[in-house]
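Read through the structure below, which is laid out as structure tokens, and then see the notes.
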Amino acid sequence: MNASRQNITSTTVSETNLDPWPIGKENILSGDAEAYGTVLWQSKDKLLCNGVWSCTAGKFNWEYTWNETFYLTQGKMTISVNNAESTEYNAGDLVFIPNGTSTTWTIIEPVRKVFHLESETPLEF
């Protein structure tokens, strides 16, 4: 990441170093689904943040406790909401998922995304 004196922060998404962000074993349905991420920016009150996240092939459940907008830069996956029919997403897709949504993610090809989160309670990473 690069920071300038004007407080502009940037990164090359494909080269951003990511830390392990494990998905709880209780949420994994199949495969390894190894997740990694980093926060690029977070507001002082911790209600907003953005960063980069990646995940290997696998299937897992995720309950949203925040609003998320993400742009998929790499990979292929599906998301189903409340066990309904799934929708496929590929590199180049922009997606919004609202707080309170119950999802099942199936990572078909390893994914990398840029995300923005908005929460009613502080986000801790």
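The values are calculated or read from the model by the stated rules, or taken from the named source; none is laboratory data. These numbers were taken from a predicted model, which means no experiment stands behind them. Methodologically, a virtual Cβ is constructed for each residue, glycine included, from the backbone with ideal geometry; neighbour enumeration extends over all protein chains shown.
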Step by step: first the residues of the stretch 41-88, then only those that are hydrophobic (A, V, I, L, M, F, W, C) and assigned to a loop (DSSP other than H, G, I, E, B), then the one that is nearest to VAL114 (Cα to Cα). Which residue is that? TRP66
Quick one: in the stretch 4-40, which of the residues that are in a strand (DSSP E or B) and modelled with pLDDT under 95 is nearest to ILE79 (Cα to Cα)? SER10
Quick check on the stretch 68-125: of everything there that is closer than 28 Å to ASP45 by Cα and at pLDDT below 95, which residue is surrounded by the most Cβ atoms within 10 Å (Cβ to Cβ)? PHE125
